[in-house]
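In what follows, a single structure is set out as structure tokens and then discussed.
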Amino acid sequence: MPFVKVVKNKAYFKTFQVKFRRRREGRTDYRQRHKLITQDKNKYQSPKYRLVVRFTNRYVICQIIYAEIIGDKVLCTATSKELPRYGLSVGLKNYAAAYCTGLLVARRLLEKLGLDETYSGVEEVTGEVVSTEVNGRTYFVEEVDDEKRPFRALLDVGIKNTTTGAKVFGAMKGASDGGLDIPHSNKRFPGYSRDTKQFDAEMHKGRIMGEHVADYMREMEEDDEENYQKHFAAYLAADLEADDLEELYEKVHSAIREDPTHKAAPKFTAIDKAFKHPVKKTYEQRKADSLAK
């Protein structure tokens, strides 16, 4: 048998450096995070804001976050769990709901900073990328104010795949239409064709207004009525049909713009005060119980 060199010997393990916990768990892409939070040295103490979009099993979460040495700090947050307050009680995780959540966090943040009137965003959905150039710099808003520049944030997708048509870009588009300055292009929106290099804004608008859900509802209702009743039970319980969705999302967008403020949940008061923990038994009582068995 030929001589085999042992690579992982004692000296190797003594110098082995364990990766960060969140890297070991597969929860943080540190290469991406380093690029997102690293600030230029001539902009000392100026935070670099991120639009963080995450998806749970049922909801969409959008937050505006900036990093400090002691950890990240959240400036503003919104979730699709709040959308029933604005009239949307079903489909709280699809592309249209992601757009609504992004719009909500943008309007809420700008109202908090006093920029909501200066940067009103895109009030009528078009699906197009909005941008303007001032002094050689591109801002992704319709118009730049002379005194106050728009609030810039960078999209943080986490470990999600950035495929064309992904829901994270729906949330980003909602925040951009809400008045935030978020650098982006149309290459990852639904409606962009990599082969022809063409972008269909009408297709993207249809996705924002829930047309893909409406088309699926119509198709399933024709092909399989029984499965349609099961699959869209929540929609039918809310008295929603395929033709109602576009008007519904228009109303939701208007309601968000009217009042984006956060409403605190009512304090839980239904406490059962009659319940009491039983008194711990003595050794003699436990022994008697054991003998009685």
- So which of LYS281, LYS263, LYS267, LYS276 ends up being open to solvent by 60 Å² or more (accessible area, probe 1.4 Å) and either β-branched (Val, Ile, Thr) or closer than 30 Å to LEU180 by Cα (or both)? LYS263
- For GLU247, are the conditions met, namely being open to solvent by 60 Å² or more (accessible area, probe 1.4 Å), more than 21 Å from the chain's Cα centre (by Cα) and under 30 Å from CYS62 (Cα atoms)? yes
- Task: Could you list, in sequence order, all residues of region 7-26 that are of a type in the set (A, V, I, L, M, F, W, C) and either open to solvent by 100 Å² or more (accessible area, probe 1.4 Å) or under 27 Å from GLY158 (Cα atoms) (or both)?
- Result: VAL7, PHE13, PHE16, VAL18, PHE20
- Query: Out of (1) over 30 Å from LEU113 (Cα atoms); (2) assigned to a helix (DSSP H, G or I); (3) in contact (Cβ under 8 Å) with a residue 24 or more places away in the chain, the odd one out for LEU248 is which?
  - Reply: (1)
- Task: Give region 55-75 a look and list any residue that's open to solvent by 10 Å² or more (accessible area, probe 1.4 Å) and assigned to a strand (DSSP E or B), or say none.
- Result: PHE55, ILE61, GLN63, ILE65, TYR66, ALA67, GLU68, GLY71, ASP72, LYS73, VAL74, LEU75
- Message: Step by step: first the residues of region 253-270, then only those that are without any contact (Cβ under 8 Å) to a residue 60 or more places away in the chain and of a type in the set (D, E, K, R), then the one that is farthest from LEU88 (Cα to Cα). Which residue is that?
- Response: LYS267
- Some residue of region 211-221 being within 15 Å of LEU88 (Cβ to Cβ) and either open to solvent by 60 Å² or more (accessible area, probe 1.4 Å) or not in a loop (DSSP other than H, G, I, E, B) (or both): yes
- Query: Residues in region 33-54: is at least one aromatic (Phe, Trp, Tyr), in a helix (DSSP H, G or I) and open to solvent by 60 Å² or more (accessible area, probe 1.4 Å)?
  - Reply: no
- Among the numbered conditions (1) touching a helix residue (DSSP H, G or I) at 6+ places or on another chain (Cβ under 9 Å); (2) open to solvent by 10 Å² or more (accessible area, probe 1.4 Å); (3) outside any strand (DSSP E or B); (4) modelled with pLDDT of 95 or more, tell me where ALA97 comes up short. (2)
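So that you can scan it fast, the table gives a plain yes or no per residue for (1) of a type outside the set (S, T, N, Q); (2) touching an Asp or Glu at 6+ places or on another chain (Cβ under 7 Å); (3) buried (at least 19 other Cβ atoms within 10 Å of the Cβ):
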residue	(1), (2), (3)
ARG107	yes, yes, yes
SER120	no, no, no
ASP145	yes, no, no
ALA153	yes, no, yes
GLY170	yes, no, yes
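The values are calculated or read from the model by the stated rules, or taken from the named source; none is laboratory data. All of these numbers come straight from a predicted model, not from anything done at the bench. With ideal geometry, Cβ positions are generated from the backbone for all residues, glycine too; neighbour counts draw on all protein chains shown. Protein only, heavy atoms only, side chains kept; ligands, DNA and RNA dropped before computing areas. Shrake-Rupley method; radii C 1.70, N 1.55, O 1.52, S 1.80 Å.
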